[in-house]
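Enquirer: Can you read through this structure? Questions will come right after.
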Amino acid sequence: MLQFYNTLTRKKEPFAPLDAANIRMYVCGPTVYDRPHLGNARSVVVYDVLYRLLRHLYPKVTYVRNITDVDDKINARAKERGISIRALTEEVTRQFHDDMGALGCLLPTVEPRATEHMVEMHAIIGKLMQNGHAYAKDGHVLFDVASVPHYKASMGNTVDHFVYGMLSHRVQDDLVAGARVEVESYKKNPGDFVLWKPAGNGDDASSVFDSPWGKGRPGWHIECSAMSSKHLGPDFDIHGGGADLMFPHHENEIAQSRAADPASHFARYWVHNGFLTVNGEKMSKSLGNFVTVKDLLDKGVKGEVIRFALLSAKYNEPLDWNEKLVQDAKLTLDKWYRIQDSGFGIQGEFPEAFLEALCDDLNLPKAFSVMHAAKPETLKAMGALLGILQQEPQSWFKGEASDDVQSQIDARMAAKQAKNWPEADRIRKELSAQGILLEDRPDGTTDWRRA
Ligand code: AMP
Ligand code: ZN
């Protein structure tokens, strides 16, 4: 039986789908202004495993992960680089796909873009204006937090009963204290958040949209309310994202969606992944302590090793990134590929204990310990649920040797060009001793194969 920790109820709960014939999951995706770092990747990899698990357990899963392609950070970066917003968002979306693909992540069922959902966003904002939960001021449209009841500490967990603060458990005083520093003149209350904001002078035309409230662009939160209801309906099963998104982003998604459509419950289960940290601090663009996925791939670290390293802790606990984590991931994968290579051709069903571990709030450390103790012929089937161990062992190990082999081939070519025949010969013999046979082609290039 599948169960996971629901941020909304603050406890581990059995998963009871709204419709077992079609599980519906929404995860907040990237803001496409810069190449993804390992912290972004952790979130994608974790939900990829959840998606694979759900697909194993249910006949159909609709997984929606959005692309945020309208945002102040995007505008600023495009200006800085002197390129159009469209060029930037297309470039970074491509990089995101390349890098997550290298980590073995499946594409979601639907990958909606914010800029293509203006109509849906306007519809929600229109409803909120109509039923008194939003107001327009100085070109802005704001959600009026005073128009909905607020969470109080005495309430505990309020699943069915909609109050502002129900997810993050922030009470009104916290909201005011958090925003006291600088209250914008267009806000009635400091906690009010932007649904629509006016275009600035000199904004790139591709970030300016018409709306019933004037030209401008959406606030960040409204896009996820619009895209989830469009592709999953007003009620759906699971909503995921990083722990940093719980407040204000997810709290505001709930507020907008439930205030606009009082009959809906929005997401039933809220799942948050923990941070990837560096020396205990969250890896982030703004702190400058980030490593991009591409940086590591370029250094020759395999995507599968990075993926495995990102899965080495409980998904909702912090995971500290360091050299040893990567080394250990590689050693374990090498070991499992070696076991598979040594003649255990037949594929077996995986042990029940493995599925039980994953179904218990995605207990990855436990799932890995089952793998360490399992019969060799079951490894590949378990790996499939985690998105690892699906390569031919030969190509896993060949992939590894090839960089090294290629650099030796290059060195031999340089020696030949310098007419240093003894050196060229020495390299050939050295490779041959490692079981690598060289074949010089008529066009001057050299191919290699294992003896
Ligand atoms: P962003 O592009 O910053 O909006 O982040 C995209 C996703 O990555 C969000 O779900 C974030 O919560 C998540 N994320 C960003 N940094 C980290 C981190 N250091 N650890 C885990 N998740 C992160
Ligand atoms: Zn979102």
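Enquirer: I'm told residue 60 meets every condition in (1) open to solvent by 30 Å² or more (accessible area, probe 1.4 Å); (2) touching a residue at least 60 places away in the same chain (Cβ under 8 Å); (3) within 30 Å of residue 367 (Cβ to Cβ) except one. Can you identify the failing condition by its number?
Expert: (2)
Enquirer: Within the group 411, 384, which residue is assigned by TED's automatic domain parsing to the domain that holds residue 439 and open to solvent by less than 70 Å² (accessible area, probe 1.4 Å)?
Expert: That would be 411, the only listed residue that is assigned by TED's automatic domain parsing to the domain that holds residue 439 and open to solvent by less than 70 Å² (accessible area, probe 1.4 Å).
Enquirer: Could you tell me whether any residue of the range 327-345 is aliphatic (A, V, I, L, M) and in contact with a strand residue (DSSP E or B) (Cβ under 9 Å, 6 or more places away or on another chain)?
Expert: Within the range 327-345, the first condition is being aliphatic (A, V, I, L, M), and the residues that meet it are 329, 331, 333, 339.
The next check asks that each one be in contact with a strand residue (DSSP E or B) (Cβ under 9 Å, 6 or more places away or on another chain); those that pass are none.
Checked against the condition, which is being aliphatic (A, V, I, L, M) and in contact with a strand residue (DSSP E or B) (Cβ under 9 Å, 6 or more places away or on another chain), the range 327-345 yields no hits at all.
Enquirer: For the range 40-59, what are the residues that are under 30 Å from residue 70 (Cα atoms) and away from ligand 2 (no atom under 16 Å from the Cβ)?
Expert: 41, 42, 45, 48, 49, 50, 51, 52
Enquirer: Determine the pairs where a residue that is touching a residue at least 40 places away in the same chain (Cβ under 8 Å) and under 22 Å from residue 90 (Cβ atoms), located within the range 29-57, has a partner that is of a type in the set (S, T, N, Q) and more than 16 Å from ligand 2 (Cβ to nearest atom) with Cβ atoms under 6 Å apart, the partner being 6 or more residues away or on another chain.
Expert: 32/89; 32/93; 35/95; 35/292; 37/292
Enquirer: How many of the residues making up the range 352-368 are open to solvent by 20 Å² or more (accessible area, probe 1.4 Å), in contact with a helix residue (DSSP H, G or I) (Cβ under 6 Å, 6 or more places away or on another chain) and either over 20 Å from residue 6 (Cβ atoms) or assigned by TED's automatic domain parsing to the domain that holds residue 15 (or both)?
Expert: Qualifying residue count for the region: 1.
Enquirer: Right, another one. Is it the case that some residue within the range 247-257 is away from ligand 1 (no atom under 13 Å from the Cβ), open to solvent by 20 Å² or more (accessible area, probe 1.4 Å), among the β-branched types (Val, Ile, Thr) and not in a strand (DSSP E or B)?
Expert: Within the range 247-257, not a single residue is away from ligand 1 (no atom under 13 Å from the Cβ), open to solvent by 20 Å² or more (accessible area, probe 1.4 Å), among the β-branched types (Val, Ile, Thr) and not in a strand (DSSP E or B).
Enquirer: Let me ask something else about it. How many of the residues in the range 266-277 are open to solvent by 20 Å² or more (accessible area, probe 1.4 Å) and either within 16 Å of ligand 2 (Cβ to nearest atom) or under 18 Å from the mean Cα position of the chain (by Cα) (or both)?
Expert: Counting residues in the range 266-277 that are open to solvent by 20 Å² or more (accessible area, probe 1.4 Å) and either within 16 Å of ligand 2 (Cβ to nearest atom) or under 18 Å from the mean Cα position of the chain (by Cα) (or both) gives 1.
Enquirer: Which one of the conditions (1) part of a helix (DSSP H, G or I); (2) under 27 Å from residue 334 (Cα atoms); (3) at pLDDT 85 or above does residue 415 fail to meet, given that it meets all the rest?
Expert: Every condition holds for residue 415 apart from (2).
Enquirer: Can I ask one more? For residue 65, are the conditions met, namely being more than 8 Å from ligand 1 (Cβ to nearest atom) and either without any contact (Cβ under 8 Å) to a residue 12 or more places away in the chain or surrounded by fewer than 24 Cβ atoms within 10 Å (Cβ to Cβ) (or both)?
Expert: no
Enquirer: Could you please let me know if residue 331 is out of contact with any helix residue (DSSP H, G or I) (no Cβ under 6 Å at 6 or more places or on another chain), modelled with pLDDT of 95 or more and not in a loop (DSSP other than H, G, I, E, B)? Before you say what the answer is, go through the steps one by one.
Expert: Numbers: out of contact with any helix residue (DSSP H, G or I) (no Cβ under 6 Å at 6 or more places or on another chain): yes; modelled with pLDDT of 95 or more: yes; not in a loop (DSSP other than H, G, I, E, B): yes.
Considered against the rule, which asks whether it is out of contact with any helix residue (DSSP H, G or I) (no Cβ under 6 Å at 6 or more places or on another chain), modelled with pLDDT of 95 or more and not in a loop (DSSP other than H, G, I, E, B), residue 331 comes out as yes.
Enquirer: Would you confirm, using the coordinates I've provided, whether residue 263 is open to solvent by 10 Å² or more (accessible area, probe 1.4 Å), among the aliphatic types (A, V, I, L, M) and closer than 30 Å to residue 150 by Cα?
Expert: Spelling it out, residue 263 is indeed open to solvent by 10 Å² or more (accessible area, probe 1.4 Å), among the aliphatic types (A, V, I, L, M) and closer than 30 Å to residue 150 by Cα.
Enquirer: While we're here: Looking at residue 308 and the list (1) in contact (Cβ under 8 Å) with a residue 40 or more places away in the chain; (2) over 17 Å from residue 385 (Cβ atoms), which single condition is not satisfied?
Expert: (2)
Enquirer: Which condition does residue 75 not pass, out of (1) in contact with a strand residue (DSSP E or B) (Cβ under 9 Å, 6 or more places away or on another chain); (2) more than 25 Å from residue 235 (Cα to Cα); (3) within 14 Å of ligand 1 (Cβ to nearest atom), if it passes all the others?
Expert: Tallying (1) in contact with a strand residue (DSSP E or B) (Cβ under 9 Å, 6 or more places away or on another chain); (2) more than 25 Å from residue 235 (Cα to Cα); (3) within 14 Å of ligand 1 (Cβ to nearest atom), residue 75 fails exactly one: (3).
Enquirer: Inspect all residues belonging to the range 219-228 and state whether any of them is open to solvent by 30 Å² or more (accessible area, probe 1.4 Å) and within 20 Å of residue 29 (Cβ to Cβ).
Expert: yes
Enquirer: Next question, about the same structure. Search the range 39-95 for residues being among the polar types (S, T, N, Q) and touching a Gly at 6+ places or on another chain (Cβ under 6 Å), and hand back the single one that is nearest to residue 283 (Cα to Cα).
Expert: 43
The values are calculated or read from the model by the stated rules, or taken from the named source; none is laboratory data. Here the structure is a predicted model, which is why all the values come from computation and not from measurement. Don't worry about glycine lacking a Cβ; one is built from the backbone with ideal geometry, like all the others, and counts go over all protein chains shown. For the accessible areas, the whole protein counts, side chains as well, though only heavy atoms, and no ligand, DNA or RNA atoms are used. Shrake-Rupley method; radii C 1.70, N 1.55, O 1.52, S 1.80 Å.
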